[in-house]
1. Compute the label zone of T99 within the range 145-178: residues whose backbone N is under 16 Å from the point 7 Å along Cα-to-Cβ.
2. Can you tell me what percent of all Cα-Cα pairs in the chain are more than 27 Å apart?
3. Could you tell me what percent of the DSSP beta bridges with both partners in the range 169-271 are antiparallel, to the nearest 5?
4. In units of 2.2 N^0.38 Å, what is the alpha-carbon radius of gyration of the range 6-93?
5. How big, in percent, is the set of alpha carbon pairs in the range 49-204 lying more than 22 Å apart?
6. Under 13 Å from a point 7 Å along the Cα-to-Cβ line of L52: which residues of the range 8-43 have their amide N that close?
7. Under 5 Å between amide hydrogens, which residues at least 5 positions from R168 or on another chain qualify, with H placed 1.01 Å from N in the peptide plane?
8. Return the tail of the calculated pair distribution for the range 102-141, meaning the percent of Cα-Cα pairs more than 16 Å apart.
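None of the figures in this text is laboratory data; all of them are computed from the coordinates on show. Since the model is a prediction, treat every value here as computed from it, not as a measurement. We place every Cβ from the backbone using ideal geometry, glycine too, and count neighbours over all the protein chains shown.
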Amino acid sequence: METINPLDHLADLAVFVRVVDTQGFSSAARAMGLTKSAISKRINRLEKQLGLRLLQRTTRAMSLTEAGRVLYERAAQGVALLDETARLAAGLVDAPRGTLRVTASVTFGKLCLAPLIPEFLARYPEIELQLTLLDRFVDLVDEGYDVALRLTRTLPEQVVAKALMPVRYRLCAAVDYLKGQEIETPADLAGHNCLHYGLREFGNEWRFQRIGAEKEEARVRVTSNVVVNNSEVVRDLLLAGMGIGLVWNYAVDREIADGRLLPLLPGWSPIGPFGQTAYALWLPQTHLPPKIRVFVHFLAERLRERPVSKLSQII
């Protein structure tokens, strides 16, 4: 057996794997940009170096010998590993680019994400952002999204999650609705028109926990004459004096700050079904595409800096 040059040997193995994968010398030559004679020469050299017959060749067919089958199984793994390593190295220097498909809930997308889009695209001009706002959970695999932004208490299985920002529920109402009525305890909500983001998880029972007293919890049955699955619409109904609302802080912070809505029960923290954190979710990948990596990093950085009013911090 002649002395083997390691680099030539690897190249010959890659050619052998491609011949088997494409089921022919001519097809392998086309795939690799080589001549058929060059492919044949490399296979002959590999067989000579190993002292083994790897392929049975006739004018009409080609098949693996027993030794060829064993070598192919191992060599294919090695070639795949080399390809993966090359892609990883290229990814380290590749600029983030391509289409980035993102989904978020309607209100979060409009109030928290949309204002950041111009800065993000100015920083990464080779990315095309496709944003879909949906007030439902999506299947990242079936629906083809790269990233989902969601407020959730229970993270879905088999996804990667990055916490982006804390969120809170706000209990508030317009001055015109209250007309001097005092809301001092959760029990005082009974009998009021109570508006909330309209999903079944909330139901007709609102739960509260006293701040600073983990074991003190209150539950109250509430009624409402309207249910809607959009926090901005709930906010607008509150501004119209239609009742008391339980709404995400980012949907009403501005209205509370300018006095159009009044925060209620500052000593109690509402307990809702969606948790208190906004997450970025994506599917696990051996090598995260740069477009996803920079998008998640950007959101975590900018949303963490998002100003939170003092009123938001107390409930």
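1. Once the point is set 7 Å along Cα→Cβ of T99, 145-147 turn out to lie under 16 Å by backbone N, inside the range 145-178.
2. On the way: 29386 of 49455 pairs.
Beyond 27 Å sits 59 percent of the P(r) for the chain.
3. Of all bridge pairs located within the range 169-271, approximately 75 percent are antiparallel.
4. Normalised by 2.2 N^0.38 Å, the Cα Rg of the range 6-93 equals 1.11.
5. Values: 8322 of 12090 pairs.
Summing the P(r) of the range 49-204 above 22 Å gives 69 percent of all pairs.
6. Zone members listed by number: 13, 17.
7. Residues meeting the amide H criterion: N249, Y250.
8. Values: 308 of 780 pairs.
I get 39 percent for the Cα pairs in the range 102-141 exceeding 16 Å.
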